[in-house]
Amino acid sequence: MEITIHEVAAAERKPRPDGTALGFGQLFTDHMFVMPYDAVKGGWHDPEVRPYTNFSLDPAAMVFHYGQAIFEGLKAYRGGNGAVHLFRPTANLARMNISASRLCMPALPLETALAGLKALVRSDADWVPSAPGATLYIRPTMVATEAALGVRPAKQYLFFIIMSPVGAYYPEGFNPVKIYVTDQYVRAVPGGVGAAKAAGNYAASIRAAEEAKKQGFTQVLWLDACERRYVEEVGTMNIFFVIGDEVITPPLSGSILPGITRDSALRLIRDWGYPVVERPISIDEVLEAGGRDTLKEAFGTGTAAVISPVGALHYQGRDCVINGGKTGALSQRLFDELQAIQYGRARDPYGWVETL
Ligand code: COI
């Protein structure tokens, strides 16, 4: 499919923000990519890069009523030589199609979606920040737009990509976060949509996150829905523990997100020769290891958060401080190496980076 490009005139473009004080997801670039889908009229059509503008949707658009909404998150990085790098864009779009399948939404034509994403980043290339640690966050999204009431797959959808120059996701930056382990709320159930990047999963997480925040915690760690015992994931990240010499992360059981940063971290850790295991790990095992001082470190992985060291867990009224509340050696190494690959400072033996 041919992609139409309608660019904003140079004089009408928005002022560029100060790259050192971006926050997360507050500002949006000049352009967006849009591609509608109509099951009756032959599927995906008219892909277009166009000025960033509001949508006009019917109040009966099915996304408002039945929540067929999925999204992705990836980043563009400004390399030292000025080049723009994308990190694993194909993996993100492929995961979006897995989410789409789970929610009975149409599969994206991957070649056009990737070409659209790249065309969009090219149109807004000067929005990719050059301040250290700042990136351009890219948010592919798909929603049901057909105007109809009745619970069934919609026949019309909109796939769009918007972009936002961002700094660190957490106010702490790359510093240890304090996590509240909830046994009151659950994020996902076996057989549910926990492995899909469905907007509803995030809606379901907000209440627990707000309650945790009120008590001074940055995020919530979710336990499995059946026994409230096994660790699943943290708010917007997958979670890893280093116990003794072993690196442990919960397996992709169907109720946690198959994180692309998780996958990248696993690859690096394995290649560095650490013993790594993907297995169910109970919160009791984690806390017992904390009590015996064999819990050396814990960290989360995610596109927005990158690598986020966990300095403390709070569970059932008790605190478990990890590594003296400081960033562990593996978290630091992973953060440094991943960022070096993403920004193009280090060799990328994995073919993860696509340079525009
Ligand atoms: C991401 O890490 O890209 C996410 O989607 C998390 C988030 C900001 C909801």
Rounded tilt (10° steps) of 89-102 against the dominant C-alpha axis of the chain: 90
Note, ARG228: beta-carbon cut-off 13 Å, +1 each Lys/Arg, -1 each Asp/Glu, net -3
The simple spin-label model distance between GLU227 and ALA83, using points 7 Å out along Cα→Cβ, in nm, is 4.8
Estimated 222 nm signal from helices in the chain, with DSSP H stretches of n ≥ 4 weighted -39500 (n - 2.57), rounded to 500: -7500 deg cm²/dmol
Checking the cross-link filter: which lysines have an alpha carbon closer than 26 Å to that of LYS296, excluding same-chain neighbours under 8 positions apart? LYS178, LYS213, LYS326
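Strictly greater than 29 Å: what percent of every Cα pair in region 4-166 meets that?
Counting every Cα pair in region 4-166, those more than 29 Å apart make up 21 percent.
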Helix 110-123 versus the longest principal axis of the chain: what angle, 0 to 90°, nearest 10, using Cα atoms? 80
Region 177-342 - Rg over Rh from alpha carbon coordinates, Kirkwood radius: 0.93
Beta bridges per DSSP with both ends in region 1-56, % antiparallel, nearest 5: 75
Within the set ILE206, ILE70, ILE283, GNM on the chain using Cα springs under 10 Å gives the largest fluctuation to ILE206
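Order of 269-280, 221-232 by packing, highest average Cβ count within 10 Å first? Mind dumping the intermediate values first?
Values: 269-280: 13.0, 221-232: 19.3.
Result, highest mean first: 221-232, 269-280.
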Positive minus negative residues near ALA196 (Lys, Arg vs Asp, Glu; Cβ under 13 Å): +3
For the chain, take the longest principal axis of its alpha carbons; what is the angle in degrees between that and the long axis of helix 329-342, to the nearest 10 within 0 to 90? 20
Of GLY82, GLY25, GLY300, the most mobile residue in a GNM of the chain (C-alpha springs, cutoff 10 Å) is GLY82
Test of understanding: in a Gaussian network model of the chain with alpha carbons linked when under 10 Å, which of GLU233, GLU297, GLU210 would top the mean-square fluctuation ranking? GLU210
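Find, among the GluC sites (Glu not before Pro) in region 1-94, those assigned to loop by DSSP (not H, G, I, E, B) with at most 10 other beta-carbon atoms within 10 angstrom. Can you show the working numbers first?
Values: sites: GLU2, GLU7, GLU12, GLU48, GLU72; in loops: GLU2, GLU7, GLU72.
Those satisfying the criteria are GLU2.
Share of antiparallel DSSP beta bridges in the chain, in percent to the nearest 5? Please list the in-between numbers first.
Details: 57 of 71 bridges.
Expressed as a percentage, antiparallel bridges in the chain total about 80.
Only sites in a loop by DSSP and with at most 16 other Cβ atoms within 10 Å count here; which GluC sites (Glu not before Pro) in region 80-174 make the cut? Kindly include the intermediate steps, with their values, before the conclusion.
On the way: sites: GLU111, GLU146, GLU172; in loops: GLU146, GLU172.
Those satisfying the criteria are GLU172.
We did not get these values from a lab; they are worked out from the coordinates using the rules stated. Computed from a prediction, not measured in an experiment: that's the story for all the values here. Don't worry about glycine lacking a Cβ; one is built from the backbone with ideal geometry, like all the others, and counts go over all protein chains shown.
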